[in-house]
Amino acid sequence: MPLSTLNTQQKEASEAPYGYNLIIASAGTGKTSTIVGRISYLLQNGITPNEILLLTFTNKAAQEMLARLSQKFESKIIQQIEAGTFHAVAYRYLKAKGSITLKQPKELKILFKSLYDKRVFLNISQTPPYSANYLYDLFSLYFNATIDENFKAWLERKNAEQLQYIEIYLDVWEEFQALKNEYHYVDYNDLLLNYKNAIAKSKSLYKEVLVDEYQDTNPLQDSILQALNPPSLFCVGDYDQSIYAFNGADISIIGGFKERYPKGRIFSLTKNYRSTAPILNLANRVIEKNPRIYPKKLEVVKAQNFGTPTLLVYEELFSQYSGIANKIKLSNRPYNEIAVIFRNNSSADGIEASLREVGIPSKRKGSVSFFDSKEIVYMLNLCSLLFNAKDMMSFIHILSYAKGIGNALAKDIYEALLLLGHNSPIQGLLHPDKSIKEPFKKKAQNTQLGLFDDLIELSNPMRFHTMNLEKDFKDNPILTHSKLTKEGVEFLNALYSFFHSFNVNDKPYYLISKISSLPIFQIVAHKLAKERSITKEGNISEERTRESLERIHRKISLLKDLASHYNELERFLNAMVLGSSEMSEGEGVNLLSIHASKGLEFAEVYIVDLMEGRFPNKKLMSQGGSLEEERRLFYVAVTRAKEILYLSYAKKDTLKNISYEGSIFLYEASLLVSRIG
């Protein structure tokens, strides 16, 4: 983007002297244009492209900025700029340096739980220990939210009652880390921690580092900036849009910029190009109730008059959802220009159902995504096993779908196959060393009283010989495990057939097409379809089962379309892991959580369920949130609207027999008056 297209403030910021620069870019003020202008300025003034690092909140944002730059510079120049999220940049750096396998949190939680389930907790009637999933998430938050404090001290501040289990928690985590290291697994936190440690040992890699959405930087990410220690830092953000405290983001990082860099310069972009004056005035009336870190006053550029924001008041919760659906039906706008924004996922369910009732398509973001659906995760794990036969996590995840095989037994089977196959689980399944009579190891369990042996009973595999199994699988030593059921053996037999059918050189599209027709996939597809077709009375509806199977196969068809763009399985799998959170499916009205709406804009916006208790969310506030954070969430939601803004609330939830009062933010916005205390 030529610098000549920038306004005076954007150009001044883009041409800031080298050093430490903070640009306060409020909603709709053109921060992307300013960052693109800055990179143009650097390239025109002697900085080579490989001396520039651009860190963005999403990879999509990075690609958009690079696409704009390619309109001015040759593609071979732009391709040399390192750009992406903290995680993507760290992944590429570490991947180039050595062997790592990136795993999604959902997958690693399975491994973590298999270790957690071996522990025995005492005194749980008084203070129950954290669940495995919650503990995993807690460790993740810890690594993002603090740099110097140890976990015990951090946990004591969060919940001192849990300190009685600290030794077990740390013991599980230590074993979990050891296993990850053994198999070269990394999660998103590992990427950042390992990247920070690697770059701290080298001299400065870049002449300038640019950071987008600086207000959402967490202490771990900030420590990476300190480790990079570039001679020039260009940070762009808006403290009024800091909404990721739940994920460790620390608003004091942007707030303390001047204290950290006394010679740093601060620029402000004040011209708003997105919203109309009435929308912006409403947003400002509310957000000014928060403490001001840096003074700012926005100027409206858009001159068109689309009317003032409208408050919609409904007597009942679901009449609110149906009322909004009918208003959208009467709108003349294309559906993709309309967004319904919500604070809580339960709101989206009601809206989605009401839109469907009046025949309006919708797409959700900020709740369960296409890539999180069990059938897609399962298919990708099957593909991962073909690429890396020793991928323990994929093996455990796949086996856990078999009836009677839980996470702990799945891990036992994997380790037995590794032993039988002399370090190759596939060989252990296809061509086991039958001289090994006891493939299952005895293991010690950790309790608060000490260690004891977890004994595994062995049984005669002849008990399964009446089953229709593959000839060479019938006498596999893993069938000696006493906890194996006929359903589990049937599944292992299907896995045996699967490994006979494919190899790693097959193209991803072909693999997915064929795998979807095999028993190894069909068993799981039918299991999921039945789970999703249970009626309120506890019966299985055949019609719902058919519909569920159709939806599963539609998702597999979409995955095949995605796979058709890749010739190599490794590239396809890497793209699915790194890019899944930014890919979406379907068309229609946008249903968005506020966090998912960040960075987007729509001509017509509905913000729903603006009731005290729901928005602001009092439950989350009591768990460590704050009214200031909720107010910033409201500000972000409002400033997604370009032309038309509706804010709505309901007076009662009939099903739960709850009465509501309008949100404090509606009073602060002057849409309601004389608030009852």
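Can you tell me the orientation of helix 345-357 relative to the chain, as the angle in degrees between its alpha-carbon axis and the longest Cα principal axis, to the nearest 10?
90
List, in order, the whole-Hz ³J(HN,Hα) value for each residue of the stretch 136-150 obtained from phi through the Karplus relation with A = 6.51, B = -1.76, C = 1.60 and θ = phi - 60°; use x for Gly and Pro.
Here the 3J(HN,Hα) series is 4, 5, 5, 4, 4, 4, 4, 5, 7, 9, 8, 10, 9, 7, 7 Hz.
What 222 nm value per residue comes from the helices of the chain, counting each DSSP H run with n ≥ 4 as -39,500 (n - 2.57) and dividing by all residues, nearest 500 deg cm²/dmol?
That comes out to -13500 deg cm²/dmol.
Using the Karplus curve 6.51 cos²θ - 1.76 cosθ + 1.60 with θ = phi - 60°, what ³J(HN,Hα) values do you get for each residue of the stretch 32-45, in whole Hz, with x for Gly and Pro?
Values, residue by residue: 4, 4, 5, 5, 4, x, 5, 5, 4, 4, 4, 5, 7, 10 Hz.
With the crude spin-label approximation of a point 7 Å out along Cα→Cβ, what separation in nm comes out for ALA198 versus LYS437?
4.8
Explain nothing, just compute: Karplus ³J(HN,Hα) = 6.51 cos²θ - 1.76 cosθ + 1.60, θ = phi - 60°, for every residue of the stretch 107-114 in order, whole Hz, x for Gly and Pro.
6, 5, 5, 5, 5, 4, 5, 5
Taking all protein chains in place and a 1.4 Å probe, what share, in percent, of the accessible surface of the stretch 316-427 do carbon and sulfur account for?
Here it works out to 50 percent.
Using a 1.4 angstrom probe on heavy atoms only, work out the carbon and sulfur share of the accessible area of the stretch 613-677 in %.
52
Mind checking the full-extension length gain between SER670 and SER501? Use 0.36 nm per residue of separation minus the Cα-Cα distance, one decimal, nm.
Fully extending the segment from SER670 to SER501 adds 54.2 nm.
Grab the beta carbon distance between TYR134 and ARG356, set R0 = 35 Å, and tell me the FRET efficiency rounded to 0.05.
After rounding, the FRET efficiency stands at 0.60.
Can you send over the solvent-accessible area of GLU587, 1.4 Å probe, protein chains only, in Å² to the nearest 10?
That residue has around 150 Å² of solvent-accessible surface.
Hull surface divided by four, with the convex hull built on the Cα atoms of the chain: how many nm²?
If you wrap the Cα atoms of the chain in a convex hull and average its projections, you get 33.5 nm².
With all protein chains present, how much of the accessible area of the stretch 487-554 (probe radius 1.4 Å) comes from carbon and sulfur, to the nearest whole percent?
48
Among ASN503, TYR214, SER275, which residue has its Cα furthest toward the positive end of the charge dipole of the chain, with +1 on Lys/Arg Cβ and -1 on Asp/Glu Cβ?
The one lying farthest along the dipole's positive direction is SER275.
Calculate the spin-label point distance for HIS565 paired with THR127, positioning each point 7 Å from the Cα along the beta-carbon direction, and give it in nanometres.
In this crude label model, THR127 to HIS565 measures out at 5.0 nm.
Could you work out the local net charge near PRO291, counting Lys and Arg as +1, Asp and Glu as -1, over the other residues with Cβ closer than 15 Å to its Cβ?
Cβ neighbours under 15 Å give a net charge of -2.
What does the charge dipole of the chain about its Cα centre add up to, to the nearest 20 debye, if the Cβ of each Lys and Arg holds +1 and the Cβ of each Asp and Glu holds -1?
860
Using Cα-only point scatterers and the Debye equation, what is log10 of I(q)/I(0) for the stretch 25-114 at each q in 0.13, 0.14, 0.22 Å⁻¹, rounded to two decimals?
-0.55, -0.61, -1.11
Give me the Kirkwood hydrodynamic radius of the stretch 198-284 in Å, from all C-alpha pairs, to one decimal place?
Taking the inverse mean of 1/r over all distinct Cα pairs, the stretch 198-284 comes out at 14.8 Å.
So how strong a dipole does the stretch 80-189 carry about its Cα centre when Lys and Arg Cβ are +1 and Asp and Glu Cβ are -1, to the nearest 20 debye?
380
Using 0.36 nm per residue of separation minus the Cα-Cα distance, give me the extension gain between LYS619 and GLU470 in nm, one decimal.
Between LYS619 and GLU470, full extension yields an extra 48.2 nm.
With label points built 7 Å along Cα→Cβ from the Cα atoms of LYS158 and ASN326, find their separation and express it in nm.
That separation, rounded to one decimal, is 4.7 nm.
Against the longest principal axis of the chain, how steep is helix 486-501, in degrees 0 to 90 to the nearest 10, with axes from Cα atoms?
Between the helix axis and the principal axis of the chain, the angle is about 80 degrees.
In degrees between 0 and 90, to the nearest 10, how far off the longest principal axis of the chain does helix 219-228 point, with axes built from Cα atoms?
Result, in degrees: 80.
Cβ under 10 Å from PHE665's Cβ, PHE665 left aside: what net charge do those residues give with Lys, Arg +1 and Asp, Glu -1?
0
Report the calculated FRET efficiency for GLN522 and SER626 (r = Cβ-Cβ distance, R0 = 60 Å), to the nearest 0.05.
Step by step, r from the Cβ atoms, then E = 0.75.
With a 1.4 Å probe and all protein chains left in place, how much accessible area per residue does the stretch 77-165 have, in Å²?
48
Quick one: length gained pulling LYS289 to SER373 fully straight, 0.36 nm per residue minus the C-alpha distance?
Taking 0.36 nm per residue and subtracting the Cα distance, the gain is 26.2 nm.
If Lys and Arg each add +1 and Asp and Glu each add -1, what is the summed charge of the other residues whose beta carbon sits under 12 Å from the beta carbon of LYS103?
-1
Just to confirm, what accessible area per residue do you get for the stretch 195-251 at 1.4 Å probe, in whole Å²?
Each residue of the stretch 195-251 exposes 31 Å² on average to a 1.4 Å probe.
Under 8 Å for C-alpha pairs, at least 6 residues apart: give me the relative contact order for the chain, rounded to a whole percent.
Across the chain, relative contact order equals 18 percent.
Using a Förster radius of 51 Å, what is the FRET efficiency between ARG546 and LYS263 based on their Cβ-Cβ separation? Nearest 0.05, please.
Plugging the Cβ-Cβ distance into 1/(1 + (r/R0)^6) gives 0.15.
Can you flag which of LYS103/LYS486; LYS329/LYS363; LYS76/LYS201; LYS363/LYS530; LYS106/LYS390 are past 21 Å Cα-Cα?
LYS103/LYS486; LYS76/LYS201; LYS363/LYS530
The values are calculated or read from the model by the stated rules, or taken from the named source; none is laboratory data. Quick caveat: nothing in here was measured; it's all calculated off a predicted structure. All Cβ positions, even for glycine, are placed from backbone atoms using ideal geometry, and neighbour counts span all protein chains on display. These area figures cover heavy atoms from the full protein model, side chains too; ligands, DNA and RNA do not enter into them. Shrake-Rupley method; radii C 1.70, N 1.55, O 1.52, S 1.80 Å.
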